[in-house]
């Protein structure tokens, strides 16, 4: 079995997010709209916008792909903010084929912003099918399937503070069997308790009346 491997630790991610925030502070104007792409953007976006020294408005979109491998996408949640005449920063957890980002960039432009910038935690440029531009990225990687820090497998691992790379075929097989060996390894890499384990209760000092 190919063991899961830590790809980016929490300290490395935090340092890179801070760098991105400083860079974007010099690019964005007050009143820009940060638009997160649900759900994979959430931890990255939450940390990033707090590192951007500008007055931002926060909004979200959600997509649902249909007709697998066709590149066809539909919007299930649109922005509610008025984007006309404003900068838009699209924030993704990962960009790979480019289909989603291309769709979203064109959709945002229909709202009349001054410009649309794309920022992603992970840019898997080796998987690009459409030559879609990513303006800012945390890390460029050619690793396989990754989980953690917003990226999931059947809803798990989004809340982990780090990113691990795993063998998707093996992880799917384990999940179907109801086993947790790989899952527990992933949790351990992030410094978390195994799946199904109860957290250790905090130590409480005994209070003895004096």
Going by Cα centres, the stretch 1-46 and the stretch 92-164 are how many Å apart?
10
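Provide the gained length on full extension for the span residue 2 to residue 173, in nm with one decimal, where the gain is 0.36 nm per separating residue minus the Cα-Cα distance.
So the extension gain works out to 60.3 nm.
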Neighbour-count order for 162, 25, 125, fewest beta carbons within 10 angstrom listed first:
25, 125, 162
Taking other Cβ within 10 Å of each residue's Cβ, how do 73, 52, 195 sort, fewest first?
195, 73, 52
Please give the calculated 222 nm ellipticity per residue for the chain, where each DSSP H segment of at least 4 residues contributes -39500 (n - 2.57) and the sum is spread over every residue; nearest 500 deg cm²/dmol?
-8000 deg cm²/dmol
Angle between the chain longest axis and helix 99-109 axis [Cα atoms, degrees, rounded to 10]
50
On full extension of the chain, what length is gained from residue 110 through residue 27, given 0.36 nm per residue of separation minus the C-alpha to C-alpha distance?
27.7 nm
Quick check: pseudo-label points 7 Å beyond the Cα along Cα→Cβ at residue 193 and residue 97, how many nm apart are they?
3.9
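How high is the relative contact order of the stretch 27-127, in percent, with contacts defined as C-alpha pairs under 8 Å that are six or more residues apart?
29
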Acute angle (nearest 10 degrees) that the helix 10-25 long axis makes with the longest principal axis of the chain, alpha-carbon atoms
20
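Nearest 0.05, what FRET efficiency do residue 181 and residue 143 give at R0 = 30 Å with Cβ-Cβ as r? Don't skip to the answer; put the middle values down first.
On the way: r = 21 Å, r/R0 = 0.69.
After rounding to 0.05, the efficiency reads 0.90.
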In what order do 108, 45 fall by count of nearby beta-carbon atoms within 10 Å, going from fewest to most?
108, 45
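Every number in this text was worked out from the coordinates using simple rules, so none of it is lab data. Fair warning: this is a prediction, and the values are worked out from it, not measured in the lab. Methodologically, a virtual Cβ is constructed for each residue, glycine included, from the backbone with ideal geometry; neighbour enumeration extends over all protein chains shown.
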